Amino acid sequence: MAKTIDARGLSCPQPVLMTLDGIKAGNDDELIVLVDSDASKENVSRAATSKGWMLAGISEESGVYRIAIRKG
Amino acid sequence: MGKMKNIFAGSWGIIGVGIGIGILAPLLQKLGNPGNMGICVACFERDIAGALGLHRADVVQYIRPEIIGFVLGSLLAAYLFKEFRPRLGSAPIVRFFLGVFAMIGALVFLGCPWRAALRLAGGDGNAILGLLGLVFGVWIGTLFLKGGYNLGRTQKTHTAAGWMLPLLMAGLLGLLFVFPPIAGEAKSGVLFYSLKGPGSMHAPLFISLGVGLLIGFLAQRSRFCTMGAIRDFVLFRQTHLLSGFVALIVTAWIVNFLLGQFKPGFEGQPVAHTMQLWNFLGMALSGLAFCLAGGCPGRQLFLSGEGDGDAAVFVMGMIVGAGIAHNFGLASSPAGVGPYGIPALIIGFGVCLFIGFTMRQKIA
């Protein structure tokens, strides 16, 4: 089960900082990030790919985006 | 449309929006807006405060349609692309005071980051100090961000709550139509107008409003933010937003040059002073406050259009801050800093540092 980072209700740059902390921690090869704005979704995706991680999938449920990222 | 990929989220999207603003702002100046002030979010909110009588500096009073357009254009884009999300509750009172001091800092420098860029693009060398100050202020803010500073989570709210600032803007537009300027009169109904000075200089109403709506729409799609441009580069070495800000400066410089509006120098620049330390520190205070609040003054308007009630509170803080700045002699003028501008800056830094040091919420 991938670790989940809950960044709902937080605005830039918090979701990105939390995602990068998760990546830097180095404990996981896959992370799930929850955000609830389109700007955060784009920012988290951009930050993850800039660190060489892949977007494994994005799904939306009642206004919350579930972004799955995987180590490249 | 809602699930369409956002073409403005890419590199060319943000650069395109920067180029668009870089063309439109000097054109607004050509059509009547004040010098190197095609667009200035802080100055224009200050003019709105003046038009409503929240301060009585008679040279800076006008309901600026660009500001109204920024919010309503963003609202339109947010609805079209299903991004209108009414939300609030992330320490609104703190955001209010950040808005107040962001405005005080901006009025010591005489411009927000948008105008700092446009002043540079118009040849005003004093803007270099302002932009350096902005970078310095944002850099201090990033130290707080790295240390865990944040104002907490927002909550979903009523749709109507997200409409509060857009409705206020619609109301201001209504006032402008009901009480239009009367030649030679300093007052029309409840609105004050400037007979001289920057407040008397403006592009035709519908052009200002149209440009505001267009920029509001595009900026909502692209998340254009002048503070974020610097913050993301300092924090993550990410150049996405920065590319848009740089595109704005370069384009505005070229357009100013073509329009004969490029006049290099330090002395005698329009609505500017040459007290460089205060240019630097004024914009530094602003940059710090914007960074702690998560967006430049333009971005706060665009977020308000998307239903972000906290950004709306920041905007109200800026408008009230403009009233305070002019009523108590904190704002600068071309002659230099105001009588109480320097103590106000010191208090502003004290308040922002207090907020930065004390508001660290552990996010579970």
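The values are calculated or read from the model by the stated rules, or taken from the named source; none is laboratory data. Quantities reported herein were computed from a predicted structural model and do not represent experimental measurements. Neighbour counts run over all protein chains shown; Cβ positions are idealised from the backbone, glycine included.
Structure notes:
For every residue, the table says whether it meets (1) buried (at least 19 other Cβ atoms within 10 Å of the Cβ); (2) modelled with pLDDT under 95.
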position: B:309; (1), (2): yes, no
position: B:317; (1), (2): yes, no
position: B:323; (1), (2): yes, no
position: B:331; (1), (2): yes, no
position: B:337; (1), (2): yes, no
position: B:344; (1), (2): yes, no
position: B:354; (1), (2): no, no
position: B:357; (1), (2): no, no
position: B:363; (1), (2): no, yes
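- Qualifying residue in the range B:308-324 (condition: of a type outside the set (Asp, Glu) and not in a helix (DSSP H, G or I)): no
- Per-region count, the range B:60-83, residues surrounded by 21 or more Cβ atoms within 10 Å (Cβ to Cβ), outside any helix (DSSP H, G or I) and not hydroxyl-bearing (Ser, Thr, Tyr): 4
- Test for residue B:170: is it touching a residue at least 24 places away in the same chain (Cβ under 8 Å), within 30 Å of residue B:93 (Cα to Cα) and within 25 Å of the chain's Cα centre (by Cα): yes
- Summed over the range B:146-173, the residues that are buried (at least 18 other Cβ atoms within 10 Å of the Cβ), within 14 Å of chain A (Cβ to nearest Cβ) and either over 30 Å from residue B:238 (Cβ atoms) or not basic (Lys, Arg) (or both) give a count of 5.
- For the range B:49-82, filtering for residues that are farther than 22 Å from residue B:114 by Cβ and of a type in the set (Ser, Thr, Tyr) leaves 1.
- Test: residue in the range B:94-114 that is within 21 Å of residue B:349 (Cβ to Cβ), within 13 Å of chain A (Cβ to nearest Cβ) and small (Gly, Ala, Ser): no
- One residue alone among B:131, B:143, B:176 is over 17 Å from the mean Cα position of the chain (by Cα) and either away from chain A (no Cβ under 14 Å) or assigned to a loop (DSSP other than H, G, I, E, B) (or both), and that residue is B:176.
- Top-ranked residue in the range B:38-59 [being assigned to a loop (DSSP other than H, G, I, E, B), hydrophobic (A, V, I, L, M, F, W, C) and surrounded by 24 or more Cβ atoms within 10 Å (Cβ to Cβ); ranked as farthest from the chain's Cα centre (by Cα)]: B:39
- Among the candidates B:231, B:237, residue that is at the interface with another protein chain (Cβ under 10 Å from one of its Cβ atoms), touching a residue at least 60 places away in the same chain (Cβ under 8 Å) and within 30 Å of residue B:146 (Cα to Cα): B:231
- Taken over the range A:9-61, the criterion of being touching a helix residue (DSSP H, G or I) at 6+ places or on another chain (Cβ under 7 Å), more than 11 Å from chain B (Cβ to nearest Cβ) and of a type in the set (Lys, Arg) is satisfied by no residue.
- Within the range B:188-206, not a single residue is buried (at least 22 other Cβ atoms within 10 Å of the Cβ), at positive phi and at pLDDT 95 or above.
- Residue B:354 meets the stated requirement of being among the hydrophobic types (A, V, I, L, M, F, W, C), part of a helix (DSSP H, G or I), without any contact (Cβ under 8 Å) to a residue 24 or more places away in the chain and more than 14 Å from chain A (Cβ to nearest Cβ).
- Filter result for residue B:56 (over 28 Å from residue B:162 (Cα atoms) and either free of Cβ contacts under 8 Å to residues at least 12 places away in the same chain or in contact with a strand residue (DSSP E or B) (Cβ under 8 Å, 6 or more places away or on another chain) (or both)): yes
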